[in-house]
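These notes are about the structure you will find just below.
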Amino acid sequence: MPPPKDVVKIAIQMVGAIPQLIELQQTKPLASVLKDVCDAWSLPNAERYALQYADGRQTYITESNRRDIKNGSILRLTTSPDQEAERLYNGIQSRNVDVKTDSLKKLASLSQDVTFAQEFISRNGLKQIYSIVEDGNDTGEMLAHTLKAFTELMEHDFVSWENLSTVFIKKIVSYVNMNAVDASIQQLSLTILENMVPTSRLLFDLVKKEVTLDRLLTHLQATNAQLQLKAMALLIALLLSATDAERRDMIDYLREKNIRQFVHKNIIHSSEPLGDEMAHYLYVLQSVSLNLCEHRMKTSMDPYSQEQRDLLQSLRQIAFESESEASAGSFNTERRRSLCAKEFRKLGFMNNSNPAEDLRRAPPGLLALDNMVYFSRNTPNAYSRFVLENSSREDKHECPFARSSIQLTLILCEILHIGEPCSETAQAFYPMFFGQDHFFEELFCICIQLVNKTWKEMRATQEDFDKVMQVVREQITRTLSLKPTSLELFKTRVNALNYSEILKLRQTERLHQEETLAVPVLELREKLKPELLELIRQQRLLHLCEGTLFRKISSRRRQDKLWYCRLSPNHKVLHYGDVEEGVQSPPIESLPEKIPVADMKMLLVGKECPHTKEKSSGKQNKDVLELAFSIVHDVEEYCLNFIAPTRYEFCLWTDGLNVLLGKEMTSERTQTDLDVLLSMELKLRLLDLENISIPDNPPPIPKPPSNLNFCYDFSHAEQ
């Protein structure tokens, strides 16, 4: 008979004593439980003791978290948090260096626990840590433990970062700016500053002033990968907290210092594999840089702006320079205006008498004008060839340069997500972005020539404009999906993907769709589905058994807390626990926490998850909502919360958990995998029927023969 829900069987250890095996009644006050345990070992003053987990993070057991205790958990009787906090509070003030160092080391470890942290902070313990940092000149082990303890205590959000003194902050900054300091101290100092920056404008200004971009670039170029990562984290925090003007100045300065080339050569193409966190920071750096185009993209052309009108006129002058100069002197104002209108029409403006009207639409706004001017000035030969080549064609067959440029700019903005907020978890960046100065403009130069090439291949007329731009969008997106490492490689591949190749791809996809829509094939698909769905279920469970590394994301965007979760080989228990950076696949034995699959009640996703309700709503959290899921276990109040590293992992985990719960797999990945497997299986089964049309209706069954005398009689077989 299973034990009642409010009773868990656990073991309790104590140094030098035989462990106790008890049945913990969850309805019984914790103080009474502790008294019983202490009485069994003849220990007085039970109020001075507490229980904590023996493995993992060794969290203290309190009334608020006791329901997390599972059957088979191993606890340890130890000093209570208030007693331990008092002891360490006195220990870190000791004049004995060894005692002080040991106390700080222990403090750094225990500060991860919220109960202990609360007790220590309530004793004004942070003031002592401030004193050690502000008054001390030590840069060794003692300081490292102090900074680690401070970081962990601040992580609980009991104290505002704005309460820090200027002296303390400048001391932390000095560790970042000093050369002869241990790398671990610099890493911790960079982490503290990274957490500090988003909390207030004053702290942002102070850190930005004290830690120069040059100093951060020095750390970025360090051989220590962790120091490099923390420096990049602070740089990204500064960029995200800056105003638009400050962000532009910072990006311009980084461009002057050739950070792009360094990232491309020493980080992306490093001998070491790129970690998830660094990939995320590179994605943010790319996104922030591209979003500098947002202002121009959303600004319509002002026909009264002399600067903008000059840019517009420069397009005409570069294309028709010799013609304009030759005839300008002999024409009056009216004739000159007529000539300009004719030239603007040749440039492909729809409103040739007032071309500024074409650029009133925002987006793409002035960004389209910037791209056209960049193309005309940096590749004048290609620009002139484009315009003059189309000027010589019939009116209906000419490819309108200006109209194409405006639409292409809009397409590129949509593909590159310009104007959209940075995702908090995304890691998808384009390596070629870091391989090229003026990436967006150079990409436009390649793609506008692709428009002209595709226009000719399609033998398009003005009525086909939208069709041509759809093909160009497809060419660009298909090529970008291959993740080319440089713009040259992108140019080669996108030009190789000509209109005939696009037609072949479309035809293949269409034929495949038609084949799979025949009635007999649909019936075969339905018969194959259960077997293939079972294959997908097994794959999902296998993936859960291999496990995944998840990150904890706090309100300050920190992602350096890692934990691992995996399913036991017998599919009966989910094991999970915190792990250190660099651990790829920890064994099940090292994961202290567990949830029996039998105790799992339901799966929550997106907005239904408790950890997404805690976060503020907004565009910046949209990606977190898409990756969040929770397992409700025991009773509804207790959830294990996840934020998947990628959408792929989200699909596999939610599918696997639904399988364990005996429910249907609902992710989009299930349908994709099923379609792929069905397609492969159908092709194999229909291999012998190639070039044979499959009738919609089965052939009629012939009538039975009038007699069955043709059957062989085995009774007369030779002996």
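The values are calculated or read from the model by the stated rules, or taken from the named source; none is laboratory data. Please read all numbers here as calculations on a predicted model, not as lab measurements. Virtual Cβ from ideal backbone geometry, glycine too; neighbours counted across all protein chains shown. Just the protein is used for accessible areas: all its heavy atoms, side chains included, with ligands, DNA and RNA removed. Shrake-Rupley method; radii C 1.70, N 1.55, O 1.52, S 1.80 Å.
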Please compute one quarter of the surface area of the Cα convex hull for the chain and express it in square nanometres. 51.6 nm²
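Take the alpha carbon atoms of segment 108-204, find their radius of gyration, then divide it by 2.2 N^0.38 Å using N residues; give the quotient. Provide the component values of the computation, followed by the final result.
Values: Rg = 12.7 Å, N = 97, 2.2 N^0.38 = 12.5 Å.
Cα-based Rg divided by the globular estimate yields 1.02.
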Measure out, as a whole number of angstrom, how far apart the alpha-carbon centroids of segment 473-514 and segment 79-122 sit. 62 Å
Under a straight-distance cross-link criterion of Cα-Cα below 22 Å, which lysines are reachable from K572, leaving out those fewer than 8 residues away in the same chain? K5, K9, K70, K594, K601, K663
Pull up all non-local amide H partners of S73: gap of 5 or more, or a different chain, and H-to-H distance under 5 Å with H placed in the peptide plane. A11
How many nm is it between the label spots at R493 and S160, if each spot is 7 Å from the Cα in line with the beta carbon? 5.0 nm
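Hey, with R₀ at 56 Å, roughly what FRET efficiency would A31 and Q538 work out to, going by the Cβ-Cβ distance, to 0.05? Numbers along the way, then the final one.
Working: r = 49 Å, r/R0 = 0.87.
Once rounded, the FRET efficiency stands at 0.70.
Taking 0.36 nm per residue of sequence separation and subtracting the Cα-Cα distance, how much length would be gained by fully extending the chain between F262 and R685, in nm to one decimal? List each step's numbers first, then the result.
On the way: separation 423, 0.36 × 423 = 152.28 nm, distance 5.24 nm.
Going from the current span to full extension adds 147.0 nm.
Do any of K28/K552; K127/K170; K171/K561 go past 22 Å between their Cα atoms, and which?
Details: K28/K552 33 Å; K127/K170 16 Å; K171/K561 25 Å.
Long pairs (Cα-Cα over 22 Å): K28/K552; K171/K561.
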K561 versus S486: modelled label distance in nm, points set 7 Å from Cα along the beta carbon direction: 4.4 nm
Suppose a student asked you for the relative contact order of the chain, using Cα pairs under 8 Å spaced at least 6 residues apart; what percent would you report? 8 percent
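For E531 and Q507 in one chain, what is 0.36 nm times their gap in residues minus the Cα-Cα distance, to one decimal in nm? Don't skip to the answer; put the middle values down first.
Numbers: separation 24, 0.36 × 24 = 8.64 nm, distance 2.96 nm.
Result for the pair: 5.7 nm of gain on full extension.
Would you kindly state how much longer the chain becomes between V97 and R48 on full extension, computed as 0.36 nm times their sequence separation minus their alpha carbon distance, in nm to one decimal? Walk me through the numbers before you get to the answer.
On the way: separation 49, 0.36 × 49 = 17.64 nm, distance 2.73 nm.
Working it through step by step, the gained length comes to 14.9 nm.
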For segment 531-671, the Kirkwood Rh over every pair of distinct alpha carbons, in Å, works out to 15.5 Å
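Keeping all protein chains in place, calculate the accessible area per residue for the chain (probe 1.4 angstrom), answer in Å².
On the way: 37320 Å² over 719 residues.
Value returned for the chain: 52 Å² of accessible area per residue.
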How far, in degrees from 0 to 90, does helix 306-319 lean away from the longest principal axis of the Cα atoms of the chain, to the nearest 10? 50 degrees
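Using C-alpha positions alone, give me the convex hull volume of segment 152-234 per residue in cubic angstrom.
Cα convex hull per residue, to the nearest whole number: 88 Å³.
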Point-to-point label distance, Y253-D68, nm (Cα→Cβ direction, 7 Å offset): 4.2 nm
Quick one: Karplus J couplings for segment 422-433, per residue in order, coefficients 6.51, -1.76, 1.60, θ = phi - 60°, nearest Hz, x for Gly and Pro? 5, 6, 7, 10, 4, 10, 7, 10, 9, x, 5, 4
So the angle from the long Cα axis of helix 647-660 to the longest Cα principal axis of the chain, reported in degrees to the nearest 10, equals 50 degrees
Acute angle (nearest 10 degrees) that the helix 97-110 long axis makes with the longest principal axis of the chain, alpha-carbon atoms: 60 degrees
Among all the lysines, which ones have a C-alpha under 29 Å from K491's C-alpha, if same-chain residues fewer than 8 places away are not counted? K257, K265, K298, K346, K396, K453, K456, K467, K483, K504
If you average the C-alpha positions of segment 650-686 and of segment 381-454 separately, how far apart do those two centres end up, in angstrom? 37 Å
Determine which residues of segment 92-113 fall in the zone a paramagnetic label at K127 would reach in this model, i.e. backbone nitrogen under 17 Å from the point 7 Å along Cα→Cβ. 92-94
Packing-ranked peptide list from 243-249, 666-672, 408-414, 262-268, highest mean Cβ count within 10 angstrom first, is 408-414, 262-268, 666-672, 243-249
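Taking segment 348-389, how much of its Cα-Cα pair set, in percent, is spaced more than 12 angstrom apart? It would help to have the intermediate numbers written out before the result.
Working: 552 of 861 pairs.
Here the long-distance tail beyond 12 Å is 64 percent of all Cα pairs in segment 348-389.
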Work out from phi, with θ = phi - 60° and the Karplus expression 6.51 cos²θ - 1.76 cosθ + 1.60, the ³J(HN,Hα) of each residue of segment 23-29, listed in order in whole Hz, and give x for Gly and Pro. 9, 7, 8, 5, 7, 7, x
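Taking the alpha carbon gyration tensor of segment 83-281, what are the square roots of 5 times its eigenvalues, largest first, to the nearest whole Å?
Taking √(5λ) for each eigenvalue gives 32, 18, 15 Å, largest first.
Ranked highest first by average number of other Cβ atoms within 10 Å, how do 290-297, 22-29, 588-595 line up? List each step's numbers first, then the result.
Numbers: 290-297: 18.6, 22-29: 13.4, 588-595: 16.6.
Going from most to least packed, we get 290-297, 588-595, 22-29.
Compute the FRET efficiency between S585 and K342 as 1/(1 + (r/R0)^6), taking r as their Cβ-Cβ distance and R0 = 56 Å, and round to the nearest 0.05.
On the way: r = 69 Å, r/R0 = 1.24.
So, using R0 = 56 Å, E works out to roughly 0.20.
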Amide H neighbours of V579 at under 5 Å, excluding residues fewer than 5 places away on the same chain, with H built from the backbone geometry, are L562, W563, Y564
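Shape call for segment 7-79 from the C-alpha gyration tensor, a ≥ b ≥ c root eigenvalues: rounded (a/c under 1.5), prolate (a/b greater than b/c) or oblate? Don't skip to the end; give the middle numbers.
Details: a/c = 1.36, a/b = 1.20, b/c = 1.14.
Since a/c stays below 1.5, the shape of segment 7-79 is classed as rounded.
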Applied in sequence order to segment 536-548, the curve 6.51 cos²θ - 1.76 cosθ + 1.60 (Karplus, θ = phi - 60°) yields integer Hz couplings, x standing for Gly and Pro, of 5, 4, 5, 5, 5, 5, 4, 5, 5, 5, 5, x, 9
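Using a 1.4 angstrom probe on heavy atoms only, work out the carbon and sulfur share of the accessible area of the chain in %.
Using a 1.4 Å probe with all protein chains present, the chain comes out at 51 percent carbon and sulfur.
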